[in-house]
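Below is one structure, written out as structure tokens; comments come after it.
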Amino acid sequence: MKAKAGLTFDAVREIGLKLPSTEQGTAWGSPCLKVDGHMFCAMAINKSAEPNSLGLHCDFATRDAMIEEQPEIYYTASHYENYPCVLVRLSRVKRDVLEDLLRMSHKFVSTQTKSKPKRRRRT
């Protein structure tokens, strides 16, 4: 039996674009998905992240619980520690779980941004 290669951003895109008000875009040259113009997931491209990792926005408590429960799938890296997001190893997550994760992140961002205008983060 051939080993499964894991999911890619193609699966993320296919699932995510079915969610309300979702559009595809890019962030720092990496593919991402946005809800009402606000990013809710993107491929993690910072050198501190592992290859083929997806960054999903969520609150810090959710991130910490996910990492504690399944550290083989979820993690964070130095660049991402201060942001409300979790990194997901796409090679280790199943499609039905990815669907749930994308819905969670979509809901988190859409409820967080309902009253906030779109703006760029200053560095």
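How large a share of the accessible area of the chain, in percent, is made up of carbon and sulfur atoms when the probe is 1.4 Å and the other protein chains stay in place? For the chain, the apolar C and S fraction of the accessible surface comes to 51 percent. Computing volume of the Cα convex hull per residue in Å³ directly from the structure and comparing it against (1) 146; (2) 116; (3) 125 singles out (2). The solvent-accessible area of Val109, taken with every protein chain present and a 1.4 Å probe, is close to 10 Å².
Could you pull out which residues in the range 18-32 have an amide N less than 17 Å from a spot 7 Å beyond the Cα of His79, following the Cα-Cβ vector? Correct set: 26-32. By the rule of a C-alpha distance below 15 Å, with chain neighbours fewer than 8 residues away ignored, the aspartates and glutamates paired with Lys47 are Glu81. Straight-line cross-link partners of Lys18 among the aspartates and glutamates, defined as a Cα under 15 Å from its Cα and at least 8 positions apart when in the same chain: Asp10, Asp36, Asp96, Glu99, Asp100. Would you work out if the range 1-59 is rounded, prolate or oblate? Take a ≥ b ≥ c from the square roots of the eigenvalues of the alpha-carbon gyration tensor; rounded if a/c is under 1.5, else prolate when a/b is larger than b/c, oblate otherwise. Oblate. In order along the range 40-53, the phi-based Karplus estimate (6.51 cos²θ - 1.76 cosθ + 1.60, θ = phi - 60°) of 3J(HN,Hα) comes to 10, 7, 7, 5, 6, 10, 5, 4, 6, 8, 6, x, 6, 10 Hz; Gly and Pro are listed as x. Summary of packing: across the peptides 35-41, 66-72, 11-17, the per-residue average of other C-beta atoms within 10 Å ranks them, highest first, as 35-41, 11-17, 66-72.
Close amide H partners of Cys85, meaning residues 5 or more places away or on another chain with modelled amide H under 5 Å apart, are Cys58.
The values are calculated or read from the model by the stated rules, or taken from the named source; none is laboratory data. What you are looking at is a predicted structure, and each value in this text was computed from that prediction instead of being measured. A quick note on method: Cβ atoms are made from the backbone with ideal geometry, for glycine too, and the neighbour counts reach across all protein chains shown. With ligands, DNA and RNA removed, areas are computed over all heavy atoms of the protein, side chains included. Shrake-Rupley method; radii C 1.70, N 1.55, O 1.52, S 1.80 Å.
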